[in-house]
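This report concerns only the one structure given below.
Rule-based calculations on the coordinates, nothing more; no lab input. Since we're looking at a predicted model, the values are computed, not measured. Neighbour counts are summed over all protein chains in view; Cβ atoms, including those assigned to glycine, are modelled from backbone coordinates with ideal geometry.
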Amino acid sequence: VPRRALPTLLMVMVAVAGVAGGCGGGSSPHGRAATDGAGTAPARQAANGPVGKRERLGHSRAPVPVLMYHVIAPAPPGAKYAGLWVAPAALRAQVAALAKAGFHAVTLDAVLDGWAGKDTLPPHPVVLSFDDGYLSQGQEAGAILRAQGWPGVLNLALHNLDTPGGLSTSRVRAMVADGWEVDAHSLTHPDLTTLDATALRREVAGSRAAIHERFGVPVNAFCYPAGRYDATVEAAVRAAGYRAATSELPGAARPSDDRFALPRVRVDRGDSTAAVVAKVHAALGSGT
Ligand SMILES: [Zn+2]
């Protein structure tokens, strides 16, 4: 790990440990289904049905697994938080397996447009999100997704940009040209729940403005650093003009969810290719 990335990794792991203990029970696919709106039941039926107009309409309300990745490299010996490292070969196999299982990667903007009825999602949409802005996400994930013809979603914490071990501005531009979406992950990756109003606004609205200015992209989603948020943080994200935010709550993202706390499916180093596909199916509640 680049030394400058370590504090970020530490913060992520602290939060992941906290979230894993307390948030799993409330967000099972079945618990969520009970609160779904009228459009969701047909969407689920259509997901397994014949191809046709109904299916395409239905998919626009489909749940979407948003996969969460961090470093795309083999974990060095003795790495303290080795679970956050996924080797390039493992990612390549996961992408191939998801494609073979019928999934199509899209951006979060596409998901939100689909749910809003502005666009049609492909059958079995999935989002691959990459947090923080590590160099390996450009070098490795960028190449793997380009080969598949899939977009990725980069959740960029601006303090990692143009640092040793971080993505360069030119690399991010190349990723955007490949179809990647760049979303905001704050300026300095703090625990946003601990900040005063001024600092919170700077991290949330400031990161959106900075990415938009540097890369000329819309920046419609925010990703909570280390998954940490509360009602005040959510309000700041809404006030900054984002359409949605991603969290580290487990599960697939659904149109009935709080748009400012969308769940994600975490991919760990120890997950086999089959386990990742199984996690995706489990998040969708469709079994395997
Ligand atoms: Zn992060």
note = Row for segment 204-288, column shape: gyration tensor on C-alpha, a ≥ b ≥ c, rounded if a/c < 1.5 i.e. under 1.5, prolate if a/b over b/c, else oblate; value prolate
request  = Might you report the magnitude of the Cβ-based charge dipole of segment 135-245 about its Cα centre, with Lys and Arg at +1 and Asp and Glu at -1, to the nearest 20 debye?
outcome  = 220
query = Under unit Cβ charges (Lys, Arg +1; Asp, Glu -1), what dipole magnitude, rounded to 20 debye, does segment 83-176 have relative to its Cα centre?
reply = 280
ask   = With a ≥ b ≥ c the root eigenvalues of the C-alpha gyration tensor of segment 141-288, is it rounded (a/c under 1.5), prolate (a/b larger than b/c) or oblate?
value = oblate
query = Between Thr120 and Ala275, what FRET efficiency comes out of the Förster formula 1/(1 + (r/R0)^6) with R0 = 30 Å and r the beta carbon distance, rounded to 0.05?
reply = 0.50
request  = Mind sorting Val204, Val280 by how few other Cβ atoms lie within 10 Å of their own Cβ, fewest first?
outcome  = Val280, Val204
ask   = Along the charge dipole of segment 131-274, Cβ charges K/R +1 and D/E -1, which of Tyr134, Val153, Phe215 sits furthest on the positive end?
value = Phe215
